[in-house]
Amino acid sequence: QTRSLLGVFEEDAAAISNYINQLFQAMHRIYDAQNELSAATHLTSKLLKEYEKQRFPLGGDDEVMTSTLQQFAKVIDELSSCHAVLSTQLADAMMFPITQFKERDLKEILTLKEVFQIASNDHDAAITRYSRLSKRKENEKIKAEVTEDVYTSRKKQHQTMMHYFCALNTLQYKKKISLLEPLLGYMQAQISFFKMGSENLTEQLEEFLTNIGTSVQNVRREMDCEVENMQQTIEDLEVASDPLYLPDPDPVKFPAHRNLTRKAGYLNSRSKTGLVSSSWERQFYFTQGGNLMSQARGDVAGGLVMDIDNCSVMAVDCEDRRYCFQITSFDGKKSSILQAESKKDYEEWICTINNISKQIYLSENPEEIAARVNQSALEAVTPSPSFQQRHDSMRPAVQSRPPAARTSSTGSLGSDSAALSALSLDSLVAPDTPIQFDIISPVSEDLPGQAKSSGQSGRRTNPFGESGGSKPETEDSILHQLFIVRFLGSVEVKSDESPDVVYETMRQILAARAIHNIFRMTESHLLVTCDCLKLIDPQTQVTRLQFPLPNVVLYATHQENKRLFGFVLRTSGGRVESRQTSICYIFESNNEGEKICDSVGLAKQIAFHAELDRKASEKQKEIDRVKEKQQKELNKQKQIEKDLEEQSRLIAASSRSNQSSTEGQFVVVSSSQSEDSDLGEDGKKKRESE
C-alpha cells in the first residue's frame, strides 16, 4: 500500500515538474519580450532625436516635422524608462519565485527519490545475505556482521523514506505557492507600469496626440487626392502615348523636327572588337552645347564622345542595320557610327547635329534661327523628284551664251576674281537648276562633261597603273594619285571664274541634302592623272565617270571644312553642241580636300609642261623635215647637173657615129630611169610636174 501510494505521489510530482517547466518558458518569454520592448523603445527614441541630423535628398528642411518628432522622442523616452522599470519588476517578482521552485524544490524531490531508491536496494541486499545464514553455530562473527548490516540498512531506508515522504507532502503546498506568487508579481508589476504611464500621459500630451491624429488624417486625404490625380494622368498618358509605343512610328503622323539644336535619347554605338568583328552597345546620348555626350546605365554623369562643332554627319550602311549614321570630327581623326531606333529619331539626330555643326546653338533663339536657315535653304534649292527628271534636266536649254575665253585652271584657294566679287550669289548658280545627287554610270547615260570613247564603258580600271593585258591610256601618265571621296552632288553654274562658285554650290547642295533627307552618299576612288580625273567603283574597279583634265577649269576647297572640295567642268553638249556649259561637282573626302586640289593643280602643271614639250618636239621635228627636204632638193639639183654633163658627153660621142647616137639615146633613157629610181616617189612626182 505504501509503495502504491508512493507511486501516485511520484507521478503527481512528475506532472508538476512538466507543467512548471512549460510555465517557466512562457514567463521567460514574457520577460525576454519586455526586455526587447524596452531596448526597442529606447532605440526608437534615439532615432527620432537624430532625425534633424539626417539629410534627405527630397525632404528639405521641415521644421514642423522635426519639432513634432522631437516631442514624440521625449514621450517615447519616458515610456522606455517605464518599460525598463517593468522589466526589473518582472525579474524580481515573477521570474525569481518560479525559478526557485524549479531549480530548488523540484530538483530536491528528484534527489531524494534517487537516495530512497539506493537505500531500498541496500536493505534488500542485506536481508538477502541475512536469510542465507546457516542453522549451525559455526561463525558468530559473520552472523554478527550480517545482523549489523541489516540494522544499518533498515535504519537508513526508514530515515530516507521519511524525508522523501515529507518532501512529497510539502510539494503540494509549494506547488500552489510557485504558481500564485509569480502571477501576483506579474500583475503587480503591470499595475505599477500602468500607474507610471497614467502619470506621464497628461492632458497636454493627450491634446498633442489629438492634433497629430488630425494632421495625419489631413495628410491621408491629400495623398488620396494626389493618387487619384496621378491615376487620371496615367490613364490620359496611356491613351496619348499608345502610338509612341511602336519602335518606328508613322513619320506622317509624327514628323521629324528639323530645327532642333538639342537632342537626347538612346542610341546603339558600334565598336570594333577585332579585324572583322564588332559589337553594339546601347547607351544614352545627349548634346551639350557643341559636344556629343554619352552616359552608360549606372554612371553618375555623362562623358565626352566628340566635339561636333564643324563636324560632318551622313547616313551609312553598316552590317545590314537600319537607321545608321556616322559622325566625323572636323579634323577627320575621330568618327563614330551610331544607330537610331526609328526613322524619326534618325532624321532628328542628323538634322540636330547639322544645326550644331553650324554653331547655331550659340545664338539667342537657336531654334528660330535654325528654322529660318532651313527655310531659306529650302527656297534656294529645287531638287528633282525622280531619276529621269534629274537626267533630263541636266540637258541645257537652247539659249545664247558667249563662250568663255579662259580655259586654264584657277587653282584651289589662291585665285581671286575682282570682276566676280561684286556679283550676287544668284548670278553664280543657274536659277531653277535641279541638283544631281546620284552618279549616273556611263553605261546607261552620257552626262555633259564626260569624255566617253567607244569600248570604255564598263571597263575595269586598275587605279595603281598596272595592267594585265591591254594598256589603258593613263598608264603612261607620270602622276597617279588615289583618294577616297563621297559624291555629294552636282549642279550647272553660270560662271567658272571664281572659287565663290564652288562655295555657293557647296552651301546649296548641303542645305538641300539636310532639308530633303538625302543623307546617303556614294563612295568612290578618285584617280588623279595627268590626262583626266576618274571616279572608280572601289569594289568592281569599274570607271563610273571620267573628266578630261583640260576641261577642269576651277577647283577649290571649303574655307572652313577642309574635307569638302569641288571643281567646275567646262564642256560643250546638250541640244546645242556649240553651247558651252559649266557644271560644278562637289565631293567630301577624309580631310584631304587641299591635297586633292594640290594634286589636281600638279597634274595640270605636269600636263601643261608636257604640252609645251610636245609642241617643242613637234616644232623641232618640223624643222628637221624642212632641212631634210632642202637637203633632198640640193642632192637632186646636183644629180641633174651630173646627168646633163653625161648627156653632153654622149651627144659629142654620137656625132662620130650614127649607131653610137642610137645607143647614146638609150643610155640617156636608162640614165633617166636610174635617176627616177634614185629620187623616189617625191622626186618622180616633181619630175612629172616639171
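The values are calculated or read from the model by the stated rules, or taken from the named source; none is laboratory data. What you see is a predicted model; the values in this text were computed from it and never measured. Quick reminder, even Gly has a Cβ in these numbers, built from the backbone with ideal geometry, and neighbours come from all protein chains shown. Surface areas here come from the heavy atoms of the whole protein model, side chains and all, with no ligands, DNA or RNA. Shrake-Rupley method; radii C 1.70, N 1.55, O 1.52, S 1.80 Å.
For the pairs Lys358/Lys534; Lys358/Lys562; Lys263/Lys343; Lys272/Lys333; Lys113/Lys141; Lys107/Lys175, flag any whose C-alpha to C-alpha distance is greater than 25 Å. Checking Cα-Cα distances, Lys358/Lys534; Lys113/Lys141 exceed 25 Å.
Cα convex hull of the stretch 1-56: how many Å³ per residue? It would help to have the intermediate numbers written out before the result.
On the way: hull volume 2.8 nm³, N = 56.
Measuring per residue, one finds 49 Å³ for the Cα hull of the stretch 1-56.
Rolling a 1.4 Å probe over the protein chains gives Thr68 an accessible area of about 30 Å². Sorted on the mean count of surrounding Cβ atoms within 10 Å across their residues, most packed first, peptides 118-126, 636-644 read 118-126, 636-644. Over every Cα atom in the stretch 178-258, the radius of gyration and the widest Cα-Cα span, Dmax, amount to 30.4, 91 Å.
When you count, for each residue, the other Cβ atoms within 10 Å and take the mean per peptide, how do 350-356, 611-617, 106-112 rank with the highest first?
Working: 350-356: 24.4, 611-617: 10.1, 106-112: 15.9.
Highest to lowest by the protection proxy: 350-356, 106-112, 611-617.
For the stretch 264-364, the extents of the C-alpha atoms along the principal axes are 44, 31, 29 Å, listed from largest to smallest. Per residue, the Cα convex hull of the stretch 501-596 amounts to 132 Å³. Under the simplified labelling scheme, the Leu634-Lys102 pair shows an inter-label distance of 15.1 nm, with each label point 7 Å from Cα along Cα→Cβ. Rounded to the nearest whole Hz, the Karplus-based 3J(HN,Hα) values (6.51 cos²θ - 1.76 cosθ + 1.60, θ = phi - 60°) of the stretch 327-336 follow the sequence 10, 10, 5, 5, 8, x, 7, 9, 9, 9, with x at glycine and proline. For the set His163, His516, His609, solvent exposure ranked by accessible area (probe 1.4 Å, protein chains only) runs largest to smallest as His163, His609, His516.
Might you report the magnitude of the Cβ-based charge dipole of the stretch 264-364 about its Cα centre, with Lys and Arg at +1 and Asp and Glu at -1, to the nearest 20 debye?
Details: 11 positive and 13 negative charges, 46 e Å.
So the dipole magnitude of the stretch 264-364 works out to roughly 220 debye.
Packing, as the average of other Cβ atoms within 10 Å across residues, places the peptides 334-343, 238-247 in the order 334-343, 238-247, highest first. Once the Cα-Cα distance is subtracted from the 0.36 nm per residue extended length, the Val115 to Lys135 segment shows a gain of 3.7 nm. For the stretch 1-98, GluC sites (Glu not before Pro) are listed when DSSP marks them as loop and at most 12 other Cβ atoms sit within 10 Å of their Cβ; the list is Glu50.
Modelled spin-label separation between Asp309 and Lys49, with each label point placed 7 Å from Cα along the Cα-to-Cβ direction: 5.9 nm. With each label modelled as a point 7 angstrom along the Cα→C-beta vector, the Cys318-Glu11 pair spans 9.2 nm. Between amide H atoms placed 1.01 Å from N, distances below 5 Å from Ile439 occur with no residue 5 or more places distant or on a separate chain. Separation of the stretch 19-70 from the stretch 171-232 is 14 Å, based on Cα centroids. The calculated pair-distance distribution of the stretch 99-170 uses every alpha carbon pair, bins of 10 angstrom beginning at 0, and gives 20, 34, 23, 14, 7, 2, 0 percent.
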